[in-house]
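Notes follow the structure.
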Amino acid sequence: MLAWLLLLFLAPAHAADLPIPETDPILSVGGAIHKRNASNGALFDLPMLDALPQGEVNTETPWYVGPRSFTGPLLSALLDAVDARGSVLRVTAANSYWADIPVADARTWPVILATRVDGRPLSPFLKGPLFVMYPFDQYPELYTELYFGRSVWQVVDIQVFAHDSAALESPN
Ligand SMILES: Nc1nc2c(c(=O)[nH]1)N[C@H]1C(S)=C(S)[C@@H](COP(=O)(O)O)O[C@H]1N2
Ligand SMILES: [Mo]
């Protein structure tokens, strides 16, 4: 009886916990986050990213010929999944390129972390497996160098900063 009551108390917290990746992790998230599944942060494999609320972005881009349909988890949903409490994301790519993205971008526009283009996985050849994609065609104000620079492809790591100290720099 006591154990059962204890379970009742513990269950809600555990239900909200992050699962553990069962395949190769493709993304790490760290910094000012309050849900982790590893000592230094949160690791995600593709099935975990697929399980988050998804968005679809139909848009022309500087990187692909013609309009394409990009799908993947909403950046806002990813931040909610790790209970991010910060204002800036430092998004780093496999080639060590990085960009600082204000968390406000994810709340202002349905920015996604694209995992697929036209329903097919974003291979490394197609700048995958993860590509920060803004809805350029729906919000023409996004079609500028500022947001192209925040459109990091081959994303491998996101660090959440609680303050603006590291914010909004760009390496180029
Ligand atoms: N992984 C990765 N993503 C990146 C970059 C990069 O070098 N590596 N360059 C960024 C910048 S500064 C811009 S303007 C756009 C467009 O880059 P491109 O002109 O080389 O296609 O992609 C962004 N995303
Ligand atoms: Mo750029």
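Which residue is nearest to the chain's Cα centre (by Cα), if the candidates are limited to segment 123-142 and must be more than 16 Å from ligand 2 (Cβ to nearest atom) and buried (at least 22 other Cβ atoms within 10 Å of the Cβ)? Looking at residues that are more than 16 Å from ligand 2 (Cβ to nearest atom) and buried (at least 22 other Cβ atoms within 10 Å of the Cβ), I get L130. Taking P73, is it outside any loop (DSSP other than H, G, I, E, B), open to solvent by less than 30 Å² (accessible area, probe 1.4 Å) and in contact with a helix residue (DSSP H, G or I) (Cβ under 9 Å, 6 or more places away or on another chain)? Answer is yes for this residue.
Would you confirm whether any residue within segment 85-94 is within 15 Å of ligand 2 (Cβ to nearest atom), closer than 28 Å to S39 by Cβ and assigned to a strand (DSSP E or B)? The answer is yes, given that some residue of segment 85-94 is within 15 Å of ligand 2 (Cβ to nearest atom), closer than 28 Å to S39 by Cβ and assigned to a strand (DSSP E or B). Take segment 88-108 and flag every residue that is open to solvent by 40 Å² or more (accessible area, probe 1.4 Å) and away from ligand 1 (no atom under 16 Å from the Cβ). If the condition is that a residue be open to solvent by 40 Å² or more (accessible area, probe 1.4 Å) and away from ligand 1 (no atom under 16 Å from the Cβ), then A104, R107, T108 are the ones that fit. If you go through segment 27-55 one residue at a time, how many are open to solvent by 50 Å² or more (accessible area, probe 1.4 Å), among the aliphatic types (A, V, I, L, M) and assigned to a loop (DSSP other than H, G, I, E, B)? Summing the residues that are open to solvent by 50 Å² or more (accessible area, probe 1.4 Å), among the aliphatic types (A, V, I, L, M) and assigned to a loop (DSSP other than H, G, I, E, B) in segment 27-55 gives 1. Number of residues in segment 78-87 that are open to solvent by 10 Å² or more (accessible area, probe 1.4 Å) and among the aliphatic types (A, V, I, L, M): the value is 2. Residue count for segment 114-153, restricted to those that are in a helix (DSSP H, G or I) and not acidic (D, E): 10. Which residues, taken from segment 52-61, are of a type outside the set (D, E, K, R) and out of contact with any helix residue (DSSP H, G or I) (no Cβ under 6 Å at 6 or more places or on another chain)? Q54, G55, V57, N58, T59, T61 - these are the residues of segment 52-61 that are of a type outside the set (D, E, K, R) and out of contact with any helix residue (DSSP H, G or I) (no Cβ under 6 Å at 6 or more places or on another chain). Scanning segment 143-167 for residues being within 19 Å of the chain's Cα centre (by Cα), surrounded by 14 or more Cβ atoms within 10 Å (Cβ to Cβ) and within 14 Å of ligand 2 (Cβ to nearest atom) gives a total of 7.
The values are calculated or read from the model by the stated rules, or taken from the named source; none is laboratory data. What you see is a predicted model, and the numbers here were worked out from it, not measured in a lab. Every residue, glycine as well, gets a Cβ built from its backbone with ideal geometry; the counts of neighbours run over all protein chains shown. These accessible areas exclude ligands, DNA and RNA; they are computed on the full protein's heavy atoms, side chains included. Shrake-Rupley method; radii C 1.70, N 1.55, O 1.52, S 1.80 Å.
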